[in-house]
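Data block below; observations after.
The values are calculated or read from the model by the stated rules, or taken from the named source; none is laboratory data. Keep in mind that what you see is a predicted model, and the values were worked out from it rather than measured. Neighbour counts run over all protein chains shown; Cβ positions are idealised from the backbone, glycine included. Accessible surface is based on the protein model in full, side chains and every heavy atom, while ligands, DNA and RNA are left aside. Shrake-Rupley method; radii C 1.70, N 1.55, O 1.52, S 1.80 Å.
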There are 2 protein chains.
Amino acid sequence: MSIRFQIEASNGAGRLGRLITPHGVVETPVFMPVGTLASVKGVPQDLLEDLGVQILLGNTYHLYLRPGVDTVRGMGGLHGFMSWDRAILTDSGGFQVFSLTELRKVHEEGVTFRSHLDGSSHFFSPESAIEAEIGLGADIIMAFDECTEFPAERERVRASMELTLRWAERSKKHFEEHKRRVPWGTSAQHSALSIQPKRSGESPADADRSVRAPQKIGKLRSPGQTGAAVPAWAGTLPTTGATQSLFGIVQGGMDLELRRESAERTVEIGFPGYAMGGLSVGEPRAVTREIVESTLPYLPIDQPRYLMGVGTPEEIAAYAALGVDMMDCVLPTRAARHGLLFTSVGKVSIKQARYANDAGALDPACGCRVCARYSRAYLRHLYASNEVLAQVLNTVHNLSFYLDTMRRVRHSIRLGEGTGFLSGVSSQPKP
Amino acid sequence: MSIRFQIEASNGAGRLGRLITPHGVVETPVFMPVGTLASVKGVPQDLLEDLGVQILLGNTYHLYLRPGVDTVRGMGGLHGFMSWDRAILTDSGGFQVFSLTELRKVHEEGVTFRSHLDGSSHFFSPESAIEAEIGLGADIIMAFDECTEFPAERERVRASMELTLRWAERSKKHFEEHKRRVPWGTSAQHSALSIQPKRSGESPADADRSVRAPQKIGKLRSPGQTGAAVPAWAGTLPTTGATQSLFGIVQGGMDLELRRESAERTVEIGFPGYAMGGLSVGEPRAVTREIVESTLPYLPIDQPRYLMGVGTPEEIAAYAALGVDMMDCVLPTRAARHGLLFTSVGKVSIKQARYANDAGALDPACGCRVCARYSRAYLRHLYASNEVLAQVLNTVHNLSFYLDTMRRVRHSIRLGEGTGFLSGVSSQPKP
């Protein structure tokens with residue numbers, strides 16, 4: 001096993017946990033920011049560390065196309081490539097390929113699809129997707145699944161669910177046979193204690209370009225740059241000999257019975273963690289919640305449970321209260337790029353003229369570096385002027401708001417406070 | 001006087017100085033990053049502080065159009081608006097309007113021009129430009145001048161120079177009559193010691209949105225976030241009662257005689273500092289240098305001398321050695337956005353495929369946070385994938401390279417080392 005999951009407290013169905021990975025501890029319930037192309041759009045890694053991000057998500061489909069798995073593998077996997085020493089999770093590409101409605105074709109063997117970049121033809125099977133995920137070297141990787149379209153007939157949903165189950169077996173088989181090839185797992189040179197991951201692929205001829213010894217880097221960085229309260233490596237599993245962890249994915253469309261069957265049969269195959277996929281694909285939010293609520297009881301209580309692609313701040317808080325441990329969503333980062341900012345008093349569309357002369361902080365209740373320093377008027381000006389800094393600052397704030405929301409959820413579970421705190425979490429537009 | 005300039009050492013014509021402004025000390029020779037729209041594109045203010053930026057440049061033309069002078073004035077000027085407590089300089093808009101070749105018309109009274117944004121018609125006179133600059137509230141503001149086109153006949157150059165001289169008189173007159181209206185100068189609430197400038201324009205009704213007391217901000221910021229070796233306020237002039245400083249601009253095209261006459265007559269009008277304008281407008285670089293070298297002796301030796309819009313790293317080092325104290329240029333920031341990076345071994349075009357698997361630092365001799373953390377392969381990937389982080393990181397590196405170049409120049413002047421260090425400054429493409 002290459003992760004450990006410890007439940008430290010619970011409150012109703014919600015639970016507080018520690019997910020110990022080869023690259024640091026992740027406090028759960030956790031919201032995972034999305035770094036599609038090995039970058040959370042516009043935000044340098046040291047700012048993510050300052051925000052307290054303990055785990056990032058990367059997209060296998062995108063990274064497979066650019067820069068390519070071999071390049072990432074050659075740099076020691078995503079950790080070395082993007083210089084991120086904390087935990088990473090990759091999806092399998094299943095959902096991304098599913099989004100290419102016009103450009104894909106699903107067979108028993110796998111999926112043929114065309115790149116959204118240049119139309120070139122590619123093929124993902126459970127084996128090749130897992131192969132890519134091993135090369136990318138995330139701590140947690142996902143089985144290759146078919147994300148069932150919505151709406152769909154029951155027979156179609158069942159067939160799709162059965163395909164995902166067969167692919168889950170194949171994913172697991174390939175992973176078990178090849179998991180020792182993880183780029184960092186067998187490298188004695190990698191130390192979880194070094195701030196800077198050793199970059200593999202450096203030949204002696206490159207030595208003159210690689211003078212960054214750990215002690216030099218230690219000196220160059222000011223203390224504030226890696227300012228997490230808990231060092232990333234505290235409780236980290238030894239990476240030497242460690243492998244990644246493969247999670248299974250429950251499908252079954254919007255059918256409670258099929259969801260239950262998918263959960264039971266995925267658990268039978270056996271994974272160290274389970275995700276609920278195929279949600280947030282256009283169904284009403286009440287349906288999403290019903291599916292999640294009815295599926296959770298069929299997932300092992302002592303293993304991490306991951307709800308993929310959800311949601312608003314209220315939703316992530318509510319799902320955490322239901323017992324979900326991990327969530328990811330592009331909403332905070334994508335909304336930031338459109339000037340939509342989450343605050344303690346509701347959603348703010350910063351482009352509005354009403355903020356042009358507003359000297360107040362974006363969210364006076366927020367402690368992030370954006371709210372501590374800049375006015376709404378300045379943020380509005382940056383957005384209206386199409387300045388790149390708008391994207392940087394807006395993204396930092398929205399991520400901070402999401403991470404703070406989850407901190408409050410964890411705090412509340414620890415204190416056994418119930419979910420009264422949810423009343424303070426709102427994404428309704430500001431009145 | 002609202003600035004003081006102290007020369008601390010000299011070496012040949014080069015001199016080491018301290019320019020003391022109402023918003024902190026600027027060590028000269030200095031390179032001033034350009035923050036056109038109250039933002040250095042893509043770089044948050046705390047990163048600029050970490051880089052050691054002591055003075056920023058803002059563009060009056062752009063800020064006049066967006067967000068407008070009244071908005072900036074209402075927030076306490078640029079310092080309050082963009083939350084930057086260190087020194088700022090604004091140009092007068094003369095050069096920007098000059099760049100609108102097809103959209104402007106010059107009269108004795110001023111310049112009529114059309115906005116590059118929406119084609120709307122506007123008018124700048126020396127009086128209205130200075131009025132705008134007072135509202136923006138930079139520590140140093142520039143007289144409104146005509147930037148003579150290149151090439152131009154001698155008579156045209158003379159006429160343009162004479163116009164600039166008349167406008168310099170009018171600029172000074174308007175400034176002297178209105179300089180007490182600077183947004184921060186008369187505010188007893190502004191303290192140069194507070195990290196967060198008090199935002200004016202806050203009514204009591206806004207109080208609930210303005211809970212950012214200095215001590216709260218002090219706690220929220222980690223020490224590394226404001227990591228300059230010398231605090232920005234050390235030696236700062238008291239802002240209460242302080243005013244801005246208006247610099248004159250020497251014109252005269254590429255004619256040494258007219259440049260000399262322009263310098264002498266501008267000095268006769270009398271300013272606390274002088275700029276050389278109308279250069280880097282298409283003339284050969286040897287001509288620029290000849291003009292600068294022949295003009296400097298006619299500028300007061302005990303006052304700051306500012307060369308506008310120049311240049312490459314070699315050029316800024318060479319001009320500093322000639323006795324220029326201040327320079328600005330869009331080159332490091334603009335080149336960064338095009339993936340052109342300055343390093344100790346020459347210019348690197350990071351988009352090139354040769355860097356796709358290059359695990360080395362961009363510039364092993366550079367101590368910036370980009371070179372300390374990321375590989376060329378990662379920077380190449382970000383640029384090739386059009387990730388916003390490419391612009392952020394590339395800009396941070398290029399600015400760091402420029403600021404380091406000036407640090408070395410200052411160090412070299414202090415030690416009386418001559419300009420041998422220039423051999424290490426190169427913008428030739430990497431072989």
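Some points to look at:
- Across the copies of the chain, A:Ser344 has label points (7 Å from Cα along Cα→Cβ) spaced 4.7 nm apart, shortest distance listed first.
- Ranked from shortest, the separations from the 7 Å Cα-to-Cβ label point of B:Glu149 to its equivalents in the other copies are 6.0 nm.
- Simple label model, 7 Å out from Cα along Cβ direction - B:Ser10 to A:Glu162, nm: 9.1
- List A:Asp85, B:Asp363, ordered by accessible area with a 1.4 Å probe, largest first: A:Asp85, B:Asp363
- As a fraction of the 1.4 Å probe accessible area of region A:1-93, surface on carbon and sulfur atoms comes out at 44 percent.
- Remark: mean inter-chain Cβ contacts per residue of A:45-58 equal 1, using a 10 Å Cβ-Cβ cutoff to other protein chain atoms.
- Ellipsoid fit via the Cα gyration tensor, region B:361-420: semi-axes of 29, 10, 8 Å, each the root of five times an eigenvalue, largest first.
- Amide N of region B:368-398 lying under 20 Å from the label point, which is placed 7 angstrom from the Cα of A:Leu103 along Cα→Cβ: B:381-388
- With coordinates expressed along the principal axes, the C-alpha atoms belonging to region B:46-140 extend over 42, 24, 24 Å, beginning with the largest.
- Over region A:280-397, accessible surface divided per residue gives 30 Å², non-protein components excluded, 1.4 Å probe.
- Site pair A:Glu268 and B:His178 shows an inter-label distance of 8.2 nm when each label is modelled 7 Å from Cα along Cα→Cβ.
- Rounded if a/c under 1.5, otherwise prolate or oblate - region A:336-376, Cα gyration tensor axes: oblate
- Residues of region B:9-39 whose accessible area (probe 1.4 Å, heavy atoms of protein chains only) drops by at least 40 Å² once all protein chains are present, relative to their chain alone: B:Leu37, B:Ser39.
- Relative contact order (percent, whole number), region B:304-379, Cα cutoff 8 Å, 6+ residue spacing: 21
- For a label point 7 Å along the Cα-to-beta-carbon line of A:Arg354, residues of region A:300-340 with backbone N under 12 Å: none
- Tail beyond 17 Å, pair distance distribution of region A:70-195 (Cα, percent): 61
- Contour excess over end-to-end distance, with Cα ends at A:Ser121 and A:Ser294 and 0.36 nm allotted per residue: 58.4 nm
- Once all protein chains are placed together, B:Ile249 keeps about 10 Å² accessible to a 1.4 angstrom probe.
- Buried on complex formation within region B:378-405 (loss of at least 40 square angstrom of accessible surface versus the isolated chain, 1.4 Å probe, ligands and nucleic acids ignored): B:Tyr378, B:His381, B:Ser385, B:Glu387, B:Val388, B:Leu389.
- Too-long pairs where the Cα-Cα distance tops 28 Å, listed order kept, from A:Lys347/B:Lys41; A:Lys41/A:Lys351; A:Lys105/A:Lys347; A:Lys41/A:Lys179: A:Lys105/A:Lys347; A:Lys41/A:Lys179
- The 1.4 Å probe gives accessible areas that order A:His122, B:His23, A:His338, largest first, as A:His338, A:His122, B:His23.
- The alpha carbons of region B:94-137 occupy a box of 29, 24, 16 Å along the principal axes, longest dimension given first.
- Put A:Met308, B:Met276 in order of accessible area, highest first, and with a 1.4 Å probe you get A:Met308, B:Met276.
- Chains B and A, summed buried accessible surface - 1.4 Å probe, Å², nearest 100: 5000
- In this view, the solvent-accessible surface of B:Phe95, computed with a 1.4 Å probe and all protein chains in place, comes to about 100 Å².
- Set of aspartates and glutamates with alpha-carbon distance to A:Lys173 below 20 Å, sequence-local pairs under 8 removed: A:Asp91, A:Glu108, A:Glu109, A:Glu127, A:Glu131, A:Glu133, A:Asp139, A:Asp145, A:Glu146, A:Glu162, A:Glu264, A:Glu268
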